[in-house]
Amino acid sequence: APLSGDLHALVRRELSWWTLERNSDGEAAVVVSLAKREHKPWSGVWKLGMNQHRKNHFGWASNQRAPIKKAEDMLVRVRPGRPERPQKDPFIINREALCSGLEDGQDDTTAVIRIHFDRAALDKACETILMSDLFGVDVMERYVKVFIRGDERSPILMGELGGECIPDLTRWEIIKAVAPEDVEESETAPGRRATRYSSCLQVTVAKAWDSRKRWPRILNENVSALEREAAPESLEQVQAKAIRPPSPDRTGWTPEEYAKDSKAKADKCFKSGDWRDAAVYYTRAIDHTPEDEKLYSNRAACYVKLKKYEKALADAKRCIALKPSWPKSYFRQGQALRGLRQFEEAIVAFKDGRFRDPANPDWAKEIEKTEDEWERWDAHVKEQRRLKREADMTTELNEATVMAEREAMVMVAEQALKAGKSKKEAGELAMKGAELAKQRVHEMASKKKAMMVEDDLEVSEPAPYRIVTEDGGVHPKGFCHTDRGTYYMGMVLMNSERPPQNQPWVEIRHPGKVRWTQGCAQVRMKVVLPESVKSAADIEVAITPTSIRIGTVGDSDPVLVGDFERKVDPEGENYAWYLIPDEKPPMLELSVDKDASEVYQTFSYGTLLWPRLFKDDVTLGEGLFEADLTDLPPHLLEKWRQEQAIANERSRKDRERRQRLTEEEVMEEVSRNWNDEFARHGMPQRFDTNEERMVQSATRSAR
């Protein structure tokens, strides 16, 4: 045959088709459309290697050989012709029979909604239609609708998003995911549950730029779409519903009679497990008799079954307000709070119900059930938090390693070239320096991880500060960890020829978030502002030599307020602040000179570096900041260079003199220096030197 072979996976022959068409050039072409049995991509059309279904038994004798099957026995002839698309999608299945669970999650850029399906119902629905033709998703900037095609009036999800999205970047796909845990099922057989996977429809919503933050709620569902009669389960029910029985004569009915009729229908649906329909009928009954606490209690029970715990809690509170002495209203409140993972409040609600009905033993069972679920939930949250911390640490480690290697390579290569090394030798030294920097970062990270694993303590408040880069990313010096935050200590590096290449920034909250860094003569700050700030006219900045306050117009609460560790010069030539353009969230950048008297009177330029920004901050480690001498006044910078040149010359002469000394003379000089230090501090220790022996000998001779 001109085209034959084993396909990569199974197909559905009843939904496949072929036709003969002509392309734009007038050439005839055979078009073959194969319907996949499973909704997933293939790595290729044809299966490579031996087909598992053709591994027949090897026949040693002629009577043992399997009969050879002809192509007609294995293949099915497919009728030619492209199938016509129906003008209206046919009804296949309803959402109640297909959907088994719902999950959602989000980060700053995307929101994800997963709808889990019952496997048997999904397989039955796909017998007559492809899975890609079964679902539909409509997305607008603020609204989303997920439905089964052919049953659009009964959407699976429909409502308003928590923020704006980008419809063109929103996508949906069929994936395999862990099935949502059923609390009741997990309680029956704890510890022996096997991880179950189910097919689910995953809708990934791309957040718009202005909405790239965590939304309070991903989706606010349309109540009118939820509270309606459930879709039919089969075509027979569709035909049966087309012929409605005659409605009773409701002429002269009172609101109580309307409510009684709707409640009877709701009770029937509740007993049969149709929670959505029951909620609809209870809502109709409430519309006629809004002061009946039993209707709110029954609708709360429906919402608990539907896992709409917030609505259940609202009905339970309304029920308590109508009749505070009724114990069942507190039972509904406890169920709703337990579903919302508010376990402490749920236990309080159950205890309130037990106080009003002490003879009922079910209260103790509900309290015990809540405590057990609380314990399991805490263990789950703790494990997820640990995994997240390890993942975050791995990301930080990779970023810090790259930055440390780059910084070490540049620094070592420059020093090697200045020392007269060749480019090849400088490159080799730079690679060794990068490897050492990588080892140092990994050692610090392993210590931090060991502390996290051994302690496993969760602080109630964030660390007092973080060592970051200017844009808020991870900094290599931020890997030293203590219980007071990231910490770094080392020698202060002096930069007189150019500003530091990777000067760290310290991120604190005072009370708002602010990042700051410093040189020898200046302090720079970046303050995160509220979303309401649109221009510089919305900001109020007040600074004195000892304090600063930044706020917004019309708001008494400050964004940043504090007393400086040392004095600044608000009248200095470098004092300025401005609103950084196109920054989300808004951010203000401010620079100010340090007090000139401190700069001119210092005996060591390393002491010009502040140990902290505000007086009530945590003290930083010495050596965290590099001394940026380039921002000093020109004559002070020249003075430092001259002093440094004199010190370098003195050091060079001392090294040359030591090279001419013997080893014994070097030890003699070192010992004399230590003896001078001991004597200056009044310490009795002494090193034995030739000078000491000569003095002792002269003393004995004089005696």
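The values are calculated or read from the model by the stated rules, or taken from the named source; none is laboratory data. As the structure is a prediction and not an experimental result, all values here were calculated from the model. Virtual Cβ from ideal backbone geometry, glycine too; neighbours counted across all protein chains shown. Calculation scope for accessible area: heavy atoms of the full protein, side chains included, ligands and nucleic acids excluded. Shrake-Rupley method; radii C 1.70, N 1.55, O 1.52, S 1.80 Å.
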- prompt: What residue, among those in the range 545-570 that are modelled with pLDDT of 90 or more and among the acidic types (D, E), is farthest from the chain's Cα centre (by Cα)?
  reply: D569
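Suppose we keep only residues that are without any contact (Cβ under 8 Å) to a residue 60 or more places away in the chain and out of contact with any Lys or Arg (no Cβ under 6 Å at 6 or more places or on another chain) within the range 515-531. Which one would you say is surrounded by the fewest Cβ atoms within 10 Å (Cβ to Cβ)? Talk me through it step by step, then tell me what you get.
First, the residues of the range 515-531 that are without any contact (Cβ under 8 Å) to a residue 60 or more places away in the chain: 515, 528-531.
Remaining after also requiring out of contact with any Lys or Arg (no Cβ under 6 Å at 6 or more places or on another chain): 529-531.
Details: L529: 22, P530: 14, E531: 10.
The selected residue is E531.
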- prompt: What helices (runs of 4 or more DSSP H), lying completely within the range 588-703, carry at least 2 residues that are open to solvent by 90 Å² or more (accessible area, probe 1.4 Å) and closer than 30 Å to W516 by Cα?
  reply: 596-601, 634-660
message: Take the conditions open to solvent by 30 Å² or more (accessible area, probe 1.4 Å), within 27 Å of D617 (Cβ to Cβ), at pLDDT below 80 and not hydrophobic (A, V, I, L, M, F, W, C) and apply them to P464. Does it pass?
response: yes
Residue pairs meeting the criteria (Cβ under 8 Å; at least 6 apart or on separate chains; first more than 22 Å from V441 (Cβ to Cβ), in the range 403-430; second buried (at least 18 other Cβ atoms within 10 Å of the Cβ)): L417/A426; K421/L429; E425/A416; A426/V412; A426/A413; A426/A416
statement: Of the residues in the range 509-544, those that are within 16 Å of P464 (Cα to Cα), modelled with pLDDT under 90 and in contact with a strand residue (DSSP E or B) (Cβ under 9 Å, 6 or more places away or on another chain) come to H510, P511, G512
message: If a residue must be within 23 Å of P41 (Cα to Cα) and surrounded by fewer than 15 Cβ atoms within 10 Å (Cβ to Cβ), how many such residues does the range 126-162 contain?
response: 4
query: Does the range 344-356 contain at least one residue that is loosely packed, with under 13 Cβ neighbours inside 10 Å, within 30 Å of K294 (Cα to Cα) and more than 33 Å from the chain's Cα centre (by Cα)?
result: yes
message: Just to check your reading of the model, which residue among W674, W610 is aromatic (F, W, Y), closer than 30 Å to Q503 by Cα and at pLDDT 75 or above?
response: W610
statement: Among residues of the range 322-354 being among the hydrophobic types (A, V, I, L, M, F, W, C) and outside any helix (DSSP H, G or I), the residue nearest to C302 (Cα to Cα) is L340
message: Among (1) more than 20 Å from D617 (Cα to Cα); (2) in a loop (DSSP other than H, G, I, E, B), there is one condition P558 misses while meeting the rest; what is its number?
response: (1)
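Take the residues in the range 406-444 that are open to solvent by less than 50 Å² (accessible area, probe 1.4 Å) and of a type outside the set (A, V, I, L, M, F, W, C), then tell me which one is nearest to K477 (Cα to Cα). Break it down stepwise before answering.
Taking the range 406-444 and keeping what is open to solvent by less than 50 Å² (accessible area, probe 1.4 Å), we get 408, 412-413, 416, 426-427, 430, 433-434, 437, 441, 444.
This time we only want the ones that are of a type outside the set (A, V, I, L, M, F, W, C), so: 427, 433.
Values: G427: 24, G433: 16 Å.
Filtering first and then ranking leaves G433.
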field: Positions within the range 277-307 being surrounded by 20 or more Cβ atoms within 10 Å (Cβ to Cβ) and charged (D, E, K, R), in sequence order
entry: D277, R299
query: Pairs, please: C-beta under 7 Å, at least 6 apart or cross-chain, first residue under 16 Å from H635 (Cα atoms) and in the range 590-607, second of a type in the set (F, W, Y)?
result: Y605/W640
task: Output the helices (runs of 4 or more DSSP H) that fall wholly within the range 163-254 and possess 1 or more residues being open to solvent by 100 Å² or more (accessible area, probe 1.4 Å) and modelled with pLDDT of 55 or more, or say none.
output: 235-242
Residue among A321, A312, A336, A364 that alone is modelled with pLDDT of 90 or more and in contact with a Leu (Cβ under 6 Å, 6 or more places away or on another chain): A336
Subset of the range 486-498 that is assigned to a loop (DSSP other than H, G, I, E, B) and open to solvent by less than 70 Å² (accessible area, probe 1.4 Å) - its residue that is modelled with the highest pLDDT: S496
task: Considering every residue within the range 385-397, establish whether at least one is in contact (Cβ under 8 Å) with a residue 12 or more places away in the chain and touching a His at 6+ places or on another chain (Cβ under 9 Å).
output: yes
message: Checking N502 against (1) outside any strand (DSSP E or B); (2) among the polar types (S, T, N, Q); (3) out of contact with any helix residue (DSSP H, G or I) (no Cβ under 7 Å at 6 or more places or on another chain), only one condition comes out false. Which one?
response: (3)
